[in-house]
Amino acid sequence: MHLLGVPPSIQTFNTMISVYGRAQKLDKAVEMFNTACDLGLSLDEKAYMNMVSYYGKAGKRHEASLLFTRMQEEGIEPGVVSYNIMMNVYAMGGLYNEVEELFKAMQKDGYSADSFSYLSLVQAYTQSLKYSEAEETIIAMKKKGIPPSCVHFNHLLSAFANVGLIGEAERVYKELFICGLIPDLACFRTMLKGYMDYGYVEEGIKFFQQIRESAEPDRFIMSGGVHLYNAAGKKQEAEVLLESMNHLKIPFLDKLEVGSKAQGLICNRNN
């Protein structure tokens, strides 16, 4: 472009940074960002926050944090979207203290937290196994008139299900309906996986039968149903379901296990 006599612009570099970032070519995105700096272009909030986001997705939280600070030192004040991006970077690593600090800073700057802001808090808390704080965050956003989504609840569902707190996961699942939400496919998968991992065979079968009509044909859910039926000795039901999968051309996940985490939970309880 420069060779053709067309002066480069920050908009052009923002586009290239986005192209490389979405393609997970972080080194190329960094190269574009640095080239824009070397050319003396005035970097805008979008340029900085695109890079912050891509650093975060690559697990480079330190680099993302440094760039976020640098942006402010350059006189660019972050808006709600920028705060949310940086909070999400921290949330992915379970760094709830950092998320809390940004959450407060955003409000101090006169911005109101939105659904994404609260989602970062919920994610950070659940990543750090701070279940009470995560639930309190959902309650707080409801009091602010911001309705939680299935994504907010699924972080809690996943946190409870992953450690075998199936009763707590079931309680949160019921909360979805109380809030007027219809569980999505991610919630279905999370609950079914919890039942399977910890050997809740009958409960898992009952859940599978409840959601089968409402859930779209899904590889994990239908494969899970086959494994649960087999674990319960219900071979005929398993075969019928497997035939249905074959008819729909849905590949079967044969490596799923029922009770894969149950033994570890028993050992932990004994200790």
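The values are calculated or read from the model by the stated rules, or taken from the named source; none is laboratory data. Since the model is a prediction, treat every value here as computed from it, not as a measurement. Positions of Cβ are backbone-derived with ideal geometry, glycine not excepted, and every protein chain shown enters the neighbour counts.
Quick notes
- Any hit, the stretch 220-240, residues being closer than 30 Å to F116 by Cβ and at pLDDT 95 or above: yes
- The condition of being free of Cβ contacts under 8 Å to residues at least 12 places away in the same chain and at negative phi holds for only one of K206, K193, that being K206.
Rundown of residues vs (1) over 29 Å from G225 (Cα atoms); (2) among the hydrophobic types (A, V, I, L, M, F, W, C); (3) without any contact (Cβ under 8 Å) to a residue 12 or more places away in the chain; (4) touching a helix residue (DSSP H, G or I) at 6+ places or on another chain (Cβ under 9 Å), yes/no style:
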site: Y125; (1), (2), (3), (4): yes, no, no, yes
site: A134; (1), (2), (3), (4): yes, yes, no, yes
site: K144; (1), (2), (3), (4): yes, no, no, yes
site: N162; (1), (2), (3), (4): no, no, no, yes
site: I178; (1), (2), (3), (4): no, yes, yes, no
site: P183; (1), (2), (3), (4): no, no, no, yes
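- If only residues of the stretch 112-151 that are outside any helix (DSSP H, G or I) and touching a Lys or Arg at 6+ places or on another chain (Cβ under 9 Å) are counted, the one that is farthest from P183 (Cα to Cα) is S112.
- Residue within the stretch 173-195 that is among the acidic types (D, E), part of a helix (DSSP H, G or I) and closer than 21 Å to A232 by Cα present: no
- Test: E168 is surrounded by fewer than 17 Cβ atoms within 10 Å (Cβ to Cβ), in a helix (DSSP H, G or I) and more than 17 Å from the chain's Cα centre (by Cα): no
- Among the residues making up the stretch 106-115, those that are surrounded by 14 or more Cβ atoms within 10 Å (Cβ to Cβ) and closer than 18 Å to F68 by Cα are M106, Y111.
- Residue within the stretch 243-257 that is in a helix (DSSP H, G or I) and either among the charged types (D, E, K, R) or buried (at least 22 other Cβ atoms within 10 Å of the Cβ) (or both) present: yes
- Residues satisfying the stated conditions in the stretch 171-184, i.e. of a type in the set (V, I, T) and either surrounded by fewer than 17 Cβ atoms within 10 Å (Cβ to Cβ) or touching a Lys or Arg at 6+ places or on another chain (Cβ under 8 Å) (or both): I178, I182
- The residues of the stretch 208-219 include none that are touching a Ser or Thr at 6+ places or on another chain (Cβ under 9 Å) and either modelled with pLDDT of 95 or more or among the charged types (D, E, K, R) (or both).
- Checklist (1) touching a Gly at 6+ places or on another chain (Cβ under 6 Å); (2) part of a helix (DSSP H, G or I); (3) of a type outside the set (S, T, N, Q) applied to G224, failing item: (1)
- Exactly one residue out of L26, L67 is out of contact with any Ser or Thr (no Cβ under 9 Å at 6 or more places or on another chain) and more than 30 Å from M141 (Cα to Cα): that is L26.
- Test: S82 is of a type in the set (G, A, S), modelled with pLDDT of 95 or more and not in a helix (DSSP H, G or I): no
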